[in-house]
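Working notes, structure below.
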Amino acid sequence: MNSKHKLWGGRFTSETSSLLEHLNCSLNIDRRMYAEDILGSQKYANALYKINLLTEDELQSIHVGLETVRQQWENDTIEFQNGDEDVHTVNERLLKEHIGKPAMKLHVGRSRNDQVVTDMKLWLRSAMQKLESLMLDLIQVFTERAASELDVLMPGYTHLQRAQPIRWSHWLLSHAWNFKADLDRLKSLKPRCNILPLGSGALAGNPFNIDRIHLAKELGFDIVSQNSMQAVSDRDFVLEFLFWCSLTGLHLSRLAEDLIIYSTKEFSFVSIDDSFSTGSSLMPQKHNPDSLELIRGLSGTLCGELTGFMMTIKGLPTTYNKDLQSDKEHMFKANDRLTSMLNVAIGALRTLQLKPKNCKAALSYDMLATDVAYYLVRKGVAFREAHHLAGQVVSLSEEKHISMPELTINDYKTISDIFESDIFNIWNYENSVEQYKVIGGTSKQSVIRQIKFLEQYCNNINNS
Ligand code: ARG
């Protein structure tokens, strides 16, 4: 397309290279914001009318024209042209085709620099709303399972080695709390996304004293930006969103990793439903946890979106530079990817089959060695000494090739006189977990407390 016909073509004499046109064109990506772009234009037209830069007829004509453009997007009837650079230029061209001259007045004092970042904030605001409700669904799956599977005991791990018995529900909720923190963090991004950049022009501001406060109200923003140069170059809200997606992705990945391990034949604590597994084209017996592996793998590429865009921002001179155009690609990709990951995580978790017998069977008495130390502490022994004595009980049982409950009282007495016959009461996994009644512990009442807290948290959000 001859540059003369471009929005910015007044001073150009020769054509834009098709090579540059190709690289410069962002339409396939930013067309996703057509509705936000039209909304911004509608409100901007109202603001221009208020300061007498549009007549009532021109305003009406712009509104009718913009509505027609919206219909064209919705009905997929737009014929794109070679020179269509981005969603803003397409909307402007179409409006001009529909209504002629008044379209040329719409952009007075407005630049694509303040327009694009306004569109992005509008788009991100509704995307974050959808993510918020997915996060809620996820937390609710955890709390529902935790409530119905409260009695299941299993080994808890540190270093992936058997550590202490815990409730399965305690493990479930350990992940739910991460997602609760993620949801809190997502909400905390909103105020920074809700600062209106429109009215900043290309970089210096708006020369017609457009009512930005009113514009902000009309577009649902809380406040307006206070420095036009900062406003057109600020993409921190994108970076924060990308970081949020990355962190939530990491939490999903760690959940996935646990479940992949728990679903192996060696563990067999859970089985991933067929609907979230795949088989092997060669080995007929295979039942692979692809859903969880994809989540684990894709969480890495989410971090890539964040670091990639951080590198774009690093070293940019003040205000708008075309480097910024890739912002939308990162934002959309991260949003879409995380949305799919959340949906799959919700589905896989909801349909997961728990095998309570296998969980219990994996418990072994050596996991109660700490309880031997606690037994001694309750009889007045200092913990470090008690730990040492309990260690001797472990090694005596290993020497004798029997489990600790099989040692006789005399065996115990050879280690310490403090042991009495009530030592045999500790060999009970249920009693063991029930010791942890502290807030945050794995006893039934502590886990119920967590469930109630998270249920209330979800209800409050649902009702707000
Ligand atoms: N498509 C551009 C972007 O997304 C719009 C802003 C263009 N501004 C400019 N000064 N060339 O970044």
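The values are calculated or read from the model by the stated rules, or taken from the named source; none is laboratory data. These figures come from a predicted structure and were not determined experimentally. Every residue, glycine as well, gets a Cβ built from its backbone with ideal geometry; the counts of neighbours run over all protein chains shown. Side chains included, ligands, DNA and RNA excluded: accessible areas come from the protein's heavy atoms. Shrake-Rupley method; radii C 1.70, N 1.55, O 1.52, S 1.80 Å.
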Q | Kirkwood Rh and Cα Rg combined as Rg over Rh, evaluated for segment 244-321 | A | 1.23
Q | Debye equation applied to the C-alpha atoms of the chain, log10 I(q)/I(0) at 0.11, 0.12, 0.13 Å⁻¹ | A | -0.95, -1.05, -1.16
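How fast does segment 117-208 diffuse by Stokes-Einstein, in µm²/s, taking the Kirkwood radius from C-alpha pairs at 10 °C and 1.306 mPa s?
Translational diffusion coefficient: 96 µm²/s.
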Q: Run the accessible area of the chain with a 1.4 Å probe and give the carbon-and-sulfur part as a rounded percent.
A: 53 percent
Q.
If you take every residue apart from GLU218 with its C-beta less than 12 Å away from the C-beta of GLU218, what net charge results, scoring Lys and Arg +1 and Asp and Glu -1?
A. +3
(Q) Which of rounded, prolate or oblate describes segment 1-133 when judged by the alpha-carbon gyration tensor and an a/c cut-off of 1.5? (A) oblate
Q | Total charge dipole magnitude, the chain, about the Cα centre, Cβ charges on Lys, Arg, Asp, Glu only, Debye to nearest 20 | A | 660 debye
(Q) Taking amide H atoms as placed 1.01 Å from N in the peptide plane, list the residues 5 or more away in sequence, or in a different chain, whose amide H sits under 5 Å from that of LEU153. (A) TRP168
Q) Given Cα pairs under 8 Å that are at least 6 residues apart, what percent is the relative contact order of segment 386-444? A) 20 percent
Q | Helical segments meeting 15 Å axial Cα length and Kyte-Doolittle 0.5 threshold in the chain (DSSP H) | A | 236-262, 290-313
**Q.** Shape parameters for segment 187-303, alpha-carbon atoms, Rg then Dmax in Å
**A.** 23.6, 72
